[in-house]
Amino acid sequence: MRNNTSIIIFLIINLFFGASCKQNLEPNFQTPLPDQQNKFSDGTLCKIYALGYNRNTKDLKPFFSDENSRNKLIALQVAASLQDSSIIQDLIKNLYDSDDKVRMAASFALGQLNNALAAKAIREVLDFESTIDVKAAMMADLGKCGNDMDLDYIMELDIPLNQLLLIEGQGRALAAFSLRNIHSAKSTRFVINRLDQDIPVEIKDIYSLYFTRLKAEYLSEFLLSLKNTYKTSSDNSKMHIIKAFSSIKNETSLRFLKQELEALNDYRLKVTALGALEGFSYNEISEILIKTIENGSQHEAVKASEVLLKINHEADLSVYFNLAQKNLNTRVSANLIKICMDKSKEKNKFTSVVTDIYESQQNSYHKSFYIKAFSSAIEAHAFVSNEIFNADDAVVKSAAMETFINMRLHSDFDSLYFVKMNEGKENLKQIFAQVFKKAIQSGDAALVSMVADLFSNTELNMLSEYSNTFFLQQAIEDCKMPRDIEAYLSLIKALKANNIGYSVQNFEDNYALLDWNFIRKIPREQKMLIKTNKGDIEILLLVEQAPATVAYFIKQSFRQYYRNTFIHRVVPNFVVQGGDFRGDGWGTSENLIRSEFSSGNYLEGTLGIASAGKDTESTQWFVTMSEMPHLDGKYTIFAQLTKGMEIVHNLEIGDKILDIELL
């Protein structure tokens, strides 16, 4: 009787606490006031959005011709995420709709296709489009899918300078063409002339995006003009113009970059200028790089050390070793130690020194920085392979795997292999092959993915070391979805590249469901607070733009998924990235979310969702440090920072996300 009573009490306690925990899995939103309700209070819009989100093109198609413009509009907006050429004629028909918003949405969805037929359709309708904001948007969309002739067409449009929306649209088009490596001497001259005209600074910033990927052949004759334009430009424009100088490796360009590095204050401009120094000789740039490492900000020093890693060194390596011993950013010190290892003529001796430095580190991220110094120390392979499988956490294991792969790819590998074979010692190729096989069989998403990517390069012929490749086929069957989505995709790529058959997994059931009851309760201007060890960051959620992503982000935050996770990726003047429970950038949650592409732009402080390709998003998110137009329409935008950008600029790899809360 006493046992039965105990069981009943136990069940009651569990029911109570179980119910309590279940209730706490989601925030208890109150129904928003009417002026704060999002658009998904309309059930029909939810139905249409769900068809697109679930990639149900067949049932979505009728809504492209719906009599209700609002229904048609949401169908076209979600079509931008479909990127399905089978609906191209439906999109083209809507370029002629009477509703301005419908025409704009159809044009954006066509631009997302990057299709010649889409470009032809947009160009034809541009000739008689009379609504200014629609025409401006269409011009920008043509830049995403047009060709050289379309570039000329955009430049030949006769636009009065007082038609600022059209001037802006033209600038966005030229920038989009250039990002796709479609440019000419004529378009370069056109943009420089436009920047010298009396138009608002914000529009000049858009035109300056044209220079971010400009080839030297289209720039050389304009260097003097561009330098003069630069002098009167905003910081944003300067950043883009500096990138143009990275393609010109001459004395004029070098002198300009050095002068700017001495004069500039904004670290983002300095990081851009440092990156532009790549390709110059050691003697030309070493002094300013070392000076930046000693006196620059953390991001400047990191970038300078990365540039040093990529050039041939002629200095005494003791300079770098002594510099690394100073109280520098650990990431910078590790890069300097790697330079010493790469160039050392006494690798075995120096390996012992680096091993001591590595083993003295208490922080996993610091260990991950230093282990990469072994990339050229091929004879230290046993030490590195041991870390791959026996290190305490994923951060170090993944860095060790990256290092081991770089050892195998090192230019000295083959010569060392033959020396060892001639001496009757170890067979390096077989040793490395066995480690790669063990990594594939480990089931660790990072290890599997990195090795599978290595095997995808058929020119390396890595699979010739194995009598059979069944272990790859088995690995794809063993993938647990969605946890191993990146490993799964890498394995498929490797098997396809090597003409090996494989079984396909269906992971449709792993997508987070659209919880409309929850989404409807999210206020249109809901904010959240990202708490870090460096300070707080306030963000505005964009629920109408990305409802599935916003809902998932809120739920994961409320379930404390992000609590005490780390910033695992920082690329100076590009992004800060977090949201991975593993801490190495290879982690995901129990669900995937589909891509929700929109016409929004990646500005400074825009939050996007990381992915391994379309419809592979999950918990990892990033914040942009500057405007990043090459991400537009390719990564889901789900929030915009409203306070704390100075905190973002100060974050480093290994900084902690304490929690994320609703405001």
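When the label point is put 7 Å from the Cα of I132 along its Cα-to-beta-carbon vector, which residues of segment 174-202 have a backbone N closer than 17 Å?
Residues passing the 17 Å test: 198-202.
So what's the net charge close to D484: Lys and Arg +1, Asp and Glu -1, counting the other residues with Cβ under 10 Å from its Cβ?
Cβ neighbours under 10 Å give a net charge of -1.
Using θ = phi - 60° and the Karplus relation 6.51 cos²θ - 1.76 cosθ + 1.60, list the HN-Hα couplings for segment 30-40 in order, rounded to whole Hz, with x at every Gly or Pro.
For segment 30-40, the Karplus curve yields 7, 4, x, 4, x, 6, 10, 5, 7, 5, 7 Hz.
Using each residue's phi in segment 408-422, evaluate 6.51 cos²θ - 1.76 cosθ + 1.60 at θ = phi - 60° and report the 3J(HN,Hα) Karplus result to the nearest Hz, with x for Gly and Pro.
5, 8, 5, 4, 8, 4, 4, 5, 5, 4, 5, 4, 5, 5, 5
In Å and on Cα atoms, what radius of gyration and Dmax does segment 303-442 show?
Taking only Cα atoms of segment 303-442, I get Rg and Dmax of 15.1, 45 Å.
Loop sites only, by DSSP: take the trypsin sites (Lys or Arg not before Pro) in the chain that have at most 11 other C-beta atoms within 10 Å and name the longest stretch containing none of them.
Longest site-free region, per DSSP loop and neighbour criteria: 1-309.
On a C-alpha basis, how far is the centre of segment 64-85 from the centre of segment 463-538 in Å? Whole number, if you could?
Here the two parts' Cα centres lie 27 Å apart.
Dividing the Cα radius of gyration by the Kirkwood radius, what Rg/Rh value follows for segment 351-393?
0.92
Compute the Rg/Rh shape ratio of segment 569-663: radius of gyration over Kirkwood radius, all on alpha-carbon atoms.
My calculation puts Rg/Rh at 0.93.
Any chance you could list P(r) for the chain, counting all Cα-Cα pairs in 20 angstrom bins from zero, rounded to whole %?
Binned Cα distances yield the sequence 16, 45, 33, 5, 0.
Using a/c under 1.5 as the rounded threshold, could you call segment 593-642 rounded, prolate or oblate? The axes a ≥ b ≥ c are square roots of the C-alpha gyration tensor eigenvalues, and prolate needs a/b larger than b/c, oblate otherwise.
prolate
Take the Cα coordinates of segment 148-260, assign each an equal point scatterer, and use the Debye formula without solvent to give log10 I(q)/I(0) at q = 0.13, 0.14 Å⁻¹.
Summing over Cα pairs of segment 148-260 leads to -0.44, -0.51.
So how much slack lies between V319 and Y282, counting 0.36 nm per residue of separation and subtracting their Cα-Cα distance, in nm?
Length gained, V319 through Y282: 11.9 nm.
What number in nm² do you get for segment 58-184 if you take the convex hull of its Cα atoms and divide its surface by four?
Answer in nm², one decimal: 7.3.
Suppose the chain between K349 and L460 were pulled fully straight at 0.36 nm per residue; how much longer would it get relative to their current alpha carbon spacing?
Gain on extension, K349 to L460, equals 36.9 nm.
Separation of segment 127-148 and segment 633-647 by C-alpha centroid, Å?
A separation of 27 Å, based on Cα centres.
Cα gyration tensor of segment 201-285, axes a ≥ b ≥ c as square roots of the eigenvalues: rounded (a/c below 1.5), prolate (a/b > b/c) or oblate?
It comes out oblate by the Cα gyration axes.
As an exercise, identify the GluC sites (Glu not before Pro) in segment 496-586 lying in DSSP coil whose Cβ has no more than 10 other Cβ atoms within 10 Å.
Answer by residue number: there is no such site.
Give a residue-ordered list of calculated ³J(HN,Hα) values for segment 470-486 (Karplus: 6.51 cos²θ - 1.76 cosθ + 1.60, θ = phi - 60°; whole Hz; x for Gly, Pro).
Whole-Hz 3J(HN,Hα) from phi for segment 470-486: 4, 4, 6, 5, 5, 4, 5, 6, 7, 4, 9, 8, x, 3, 9, 4, 5.
Give, rounded to the nearest 20 debye, the magnitude of the charge dipole that segment 113-205 has about its Cα centre when Lys and Arg contribute +1 at Cβ and Asp and Glu contribute -1 at Cβ.
Dipole about the Cα centre, nearest 20: 300 debye.
At Q560 and N250, where each label point lies 7 Å from the Cα along Cα→Cβ, what is the point-to-point distance in nanometres?
6.3
For segment 74-99, list residues with backbone N below 14 Å from a point placed 7 Å from the Cα of K47 toward its Cβ?
Residues 75 fall inside that zone.
Report relative contact order for segment 58-214 in percent, whole number only (criteria: Cα-Cα under 8 Å, sequence separation at least 6).
The value is 16 percent.
Lys/Arg Cβ at +1, Asp/Glu Cβ at -1, dipole of the chain taken about the Cα centre: which of G111, G587, Q37 is farthest positive-ward?
Most positive-ward Cα: G587.
Pulled fully out, how much extra length does the chain show between I88 and R189, if you take 0.36 nm times their separation in residues and subtract their Cα-Cα distance?
In short, 32.9 nm is gained.
Tell me, what is a quarter of the convex hull surface for the C-alpha atoms of segment 446-500, in nm² with one decimal?
That works out to 3.4 nm².
Just from its helices, what would the mean residue ellipticity at 222 nm be for the chain, if runs of 4 or more DSSP H residues each count -39500 (n - 2.57) and the sum is divided by every residue, rounded to the nearest 500 deg cm²/dmol?
-16500 deg cm²/dmol
May I ask for the Kirkwood hydrodynamic radius of segment 74-141, worked out over all distinct Cα pairs and given in angstroms to one decimal?
11.4
Report the label-to-label distance for M149 and V201 in nanometres (one decimal), using points 7 Å from each Cα along the Cα→Cβ vector.
If labels sit at M149 and V201, their model points lie 4.1 nm apart.
As an exercise, use a Förster radius of 30 Å and the Cβ-Cβ distance of F574 and E544 to find the FRET efficiency, rounded to the nearest 0.05.
The formula returns an efficiency of 0.65 here.
Size of the dipole of segment 165-263 about the Cα centre, Lys and Arg at +1 and Asp and Glu at -1 on the beta carbon, nothing else charged, in debye to 20?
320
Given an 8 Å cut-off on Cα distances and at least 6 residues of separation, report the relative contact order of segment 321-379 as a percent.
RCO, segment 321-379: 40 percent.
For segment 476-542, count all C-alpha to C-alpha pairs, find those more than 15 Å apart, and express that count as a whole percent of the total.
70
Checking the a/c ratio against 1.5 first, then a/b against b/c, what shape does the Cα gyration tensor give for segment 500-606?
Oblate is the answer for segment 500-606, as a/c is 1.5 or above yet b/c matches or exceeds a/b.
Taking the Cα of N499, stepping 7 Å toward and past its beta carbon, and measuring to each backbone N in segment 444-480: which are under 19 Å?
Correct set: 455-470, 472-473.
Write down the accessible area per residue of the chain in Å², having rolled a 1.4 Å probe over the full set of protein chains.
So the chain comes to 44 Å² accessible per residue, rounded to a whole number.
Once you charge only the Cβ atoms, +1 for Lys and Arg and -1 for Asp and Glu, what is the size of the charge dipole of segment 43-90 about its Cα centre, to the nearest 20 debye?
Here the size comes out at about 100 debye.
Tell me which of I199, L323, A445 sits at the most positive position along the dipole axis of the chain, charges placed on C-beta atoms (Lys, Arg +1; Asp, Glu -1).
A445
Evaluate E = 1/(1 + (r/R0)^6) for N517 and N650, where r is the Cβ-Cβ distance and R0 equals 41 Å; express this FRET efficiency to the nearest 0.05.
My answer for the efficiency is 0.55.
Just by accessible area at a 1.4 angstrom probe, what is the order of I132, I206 from largest to smallest?
I132, I206
Carbon-plus-sulfur fraction of the accessible area of the chain, 1.4 Å probe, in percent?
48
The values are calculated or read from the model by the stated rules, or taken from the named source; none is laboratory data. Everything numeric in this text was worked out from a predicted model, so none of it was measured. Neighbour counts are summed over all protein chains in view; Cβ atoms, including those assigned to glycine, are modelled from backbone coordinates with ideal geometry. Protein only, heavy atoms only, side chains kept; ligands, DNA and RNA dropped before computing areas. Shrake-Rupley method; radii C 1.70, N 1.55, O 1.52, S 1.80 Å.
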